[in-house]
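Peer 1: Below: one structure in structure tokens.
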Ligand code: AMP
Ligand code: MG
């Protein structure tokens, strides 16, 4: 099956497609991409809209090889055609998902894949399942008033961050490819009434499943209980098969696992300093993956009240430190959505309660390991962590630099020498800074020495370096890659992809990225301020 008129050949694919979502769940009977409300259906079949002049800007070698693609496959014209939406393999069955969501705490009704088109689900020879999805491939029934396209800047950000998160060990959707479309897209980047034409792009996202909390919410909100149950059963059978056949018990075990995975994801985000920016319920993966990279950001200076999203600048709902709590709120909305099938409010409530405790426990263990301790000792560590966070708010401190440098601090050294070692993490000089930090470092070193009881510090340093990344996708780094890409130079995209492939390793050639955010980036649009316009 082919979309363009110039390429009439039928194309058999290098993949084995199984397409369980479209095979097992009910489709919208209408086949146009006209905007509409879609009832009693899990998805609408829709084809990508061809683009003018696609080029492959970058791809993930790791993702390609996971899918069984060789370098030659990726560099072929067919790859460009398929992953820019200009051609389809015969076995693909493209569709847009129907889902709803709470946006910024308010019920928003039907949302759906407005610019994402799922091409199909494949099974690899080792039995892994991956759904291929194009983001920015043209309008769907769920596009509302928007164009179904994506701009280059946000596509670069999504492509790089998906793969960076994967290499950091943070659960995430993946990115196979980044294509330029050759078409222009009109965007009002700052919502200030000055729209501009921008280059368009398409990312091929890849995940075992793209089901979101909002997929359940849409059926619940419309009273489609039968369909809600079908979707729950489908999700359990395909993505949680280890839980067994769907039953009253299985539904609860499933909700428990979703809560657990979500708690674990929040611990990861807090560990690496990632701020999602738009944690609406339609942006919450049922698999506990980071999904929908929009106006996300990385904290440079550790600040719990920071958000990169200018749309959220006033309500500050999705700031760094609020993410775990918001995820809990989102889980409560999921519980409400699945209640008509589960019909056991008490059990759902009890499971919801475990979310907070799992998060808290995970957070404590995570912080203990960031600080180099083998276990969390409530007697000393609660104080140590809260006084550290107070220091972060008193003295502007780069989170990534601080934790990474801490591993190089000799706990037997004088306080002044310890302070010298972490000094490069400080953005400013302030009075009282040296003595406050030296006092904290003395307490920290006493705790380390108690933990190690004379053992060598090699294992501690290795442990700390395995949990405290040296390289993250700082906002200004992505912005520099975007600025250069707008000039037609994609080299920095490839360089960043390369450095972020080994975020925990020493990479002397890339030492320049182990540095504080440069001053010019402090208040630069794209580096510290982003909107949802993408
Ligand atoms: P997001 O804030 O990216 O999660 O998007 C919220 C909703 O708006 C989802 O239903 C998206 O599919 C839709 N959406 C966002 N951008 C576009 C666009 N350019 N064209 C069509 N739909 C869009
Ligand atoms: Mg979304």
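Peer 1: Specify the inter-centroid distance of the stretch 302-368 and the stretch 123-176, based on alpha-carbon positions, in whole Å.
Peer 2: 24
Peer 1: Kindly state, to the nearest 0.05, the FRET efficiency for residue 394 paired with residue 505, given R0 = 35 Å and r defined as their beta-carbon distance.
Peer 2: Working: r = 32 Å, r/R0 = 0.92.
FRET efficiency, residue 394 to residue 505: 0.65.
Peer 1: Provide 177, 12, 41 in ascending order of the number of other Cβ atoms located within 10 Å of each residue's Cβ, fewest first.
Peer 2: With the sparsest Cβ surroundings first, the list reads 12, 41, 177.
Peer 1: Moving to a separate point now. Roughly how many nanometres apart are two label points built 7 Å out from the Cα toward the Cβ at residue 73 and residue 489?
Peer 2: About 3.4 nm separates the two model spin labels.
Peer 1: Counting only DSSP beta bridges with both residues in the chain, tell me the antiparallel percent, nearest 5.
Peer 2: Roughly 90 percent of the DSSP beta bridges within the chain come out antiparallel.
Peer 1: Using a/c under 1.5 as the rounded threshold, could you call the stretch 475-521 rounded, prolate or oblate? The axes a ≥ b ≥ c are square roots of the C-alpha gyration tensor eigenvalues, and prolate needs a/b larger than b/c, oblate otherwise. The partial results should precede the final answer.
Peer 2: Values: a/c = 2.56, a/b = 1.32, b/c = 1.94.
Oblate, since a/c reaches 1.5 and b/c is not below a/b.
Peer 1: Let a ≥ b ≥ c be the square roots of the eigenvalues of the Cα gyration tensor of the stretch 14-84; is it rounded (a/c under 1.5), or, if not, prolate (a/b larger than b/c) or oblate?
Peer 2: Judged from the Cα gyration tensor, the stretch 14-84 comes out oblate (a/c at least 1.5, b/c at or above a/b).
Peer 1: What spacing in nm lies between the two simple spin-label points modelled at residue 123 and residue 345, each 7 Å away from Cα in the Cβ direction?
Peer 2: About 4.2 nm separates the two model spin labels.
Peer 1: Taking a spot 7 Å from the Cα of residue 108 along the direction of its beta carbon, which residues of the stretch 239-281 have an amide N less than 14 Å from it?
Peer 2: Label zone hits: 277-281.
Peer 1: Ok, one more. Relative contact order for the chain using alpha-carbon pairs under 8 Å, separation at least 6, rounded to a whole percent? Don't skip to the end; give the middle numbers.
Peer 2: On the way: 1029 pairs, mean separation 73.7, N = 534.
About 14 percent, as a whole number.
Peer 1: Using Cβ counts within 10 Å as a stand-in for footprinting exposure, how do 300, 90, 192, 28 rank, fewest first?
Peer 2: 192, 90, 28, 300
Peer 1: Further, regarding this structure: If a/c stays under 1.5 just call it rounded; otherwise compare a/b with b/c (prolate if a/b is bigger, oblate if not). Do that for the chain, with a ≥ b ≥ c from the square roots of the Cα gyration tensor eigenvalues.
Peer 2: Prolate.
Peer 1: For the chain, what is the mean residue ellipticity at 222 nm derived from helices alone (per DSSP H run of n ≥ 4: -39500 (n - 2.57); sum divided by total residues; nearest 500 deg cm²/dmol)?
Peer 2: Mean residue ellipticity at 222 nm (helix-derived): -13000 deg cm²/dmol.
Peer 1: Let me ask something else about it. Fewest Cβ neighbours within 10 Å first, please rank 532, 204 accordingly.
Peer 2: Fewest-to-most ranking of 532, 204: 532, 204.
Peer 1: A follow-up question, please. So if each residue of separation counts as 0.36 nm, and I subtract the Cα-Cα distance between residue 192 and residue 66, what length gain in nm does that give?
Peer 2: Value of the extension gain: 41.1 nm.
Peer 1: What FRET efficiency comes out for residue 304 versus residue 408 if R0 is 25 angstrom and r is the Cβ-Cβ distance? Round to the nearest 0.05.
Peer 2: 0.45
Peer 1: Work out, step by step, the length gained on full extension between residue 446 and residue 523: first 0.36 nm times the residue separation, then minus their alpha carbon distance; give nm to one decimal.
Peer 2: The residue 446-residue 523 span can extend by a further 23.8 nm.
Peer 1: Given a Förster distance of 41 angstrom, what is the FRET efficiency for residue 53 paired with residue 24, based on the Cβ-Cβ distance and rounded to 0.05?
Peer 2: Numbers: r = 37 Å, r/R0 = 0.91.
Calculated transfer efficiency: 0.65.
Peer 1: Also: Using 0.36 nm per residue, how much length does the chain from residue 145 to residue 423 gain when fully extended, once their Cα-Cα distance is taken away?
Peer 2: 95.0 nm
Since every read-out is calculated from the coordinates, none of them should be taken as a lab result. Bear in mind that the values here come from a model prediction, so they are computed numbers and not experimental data. Ideal geometry is used to build each Cβ from the backbone, glycine not excepted, and the neighbour counts take in all protein chains shown.
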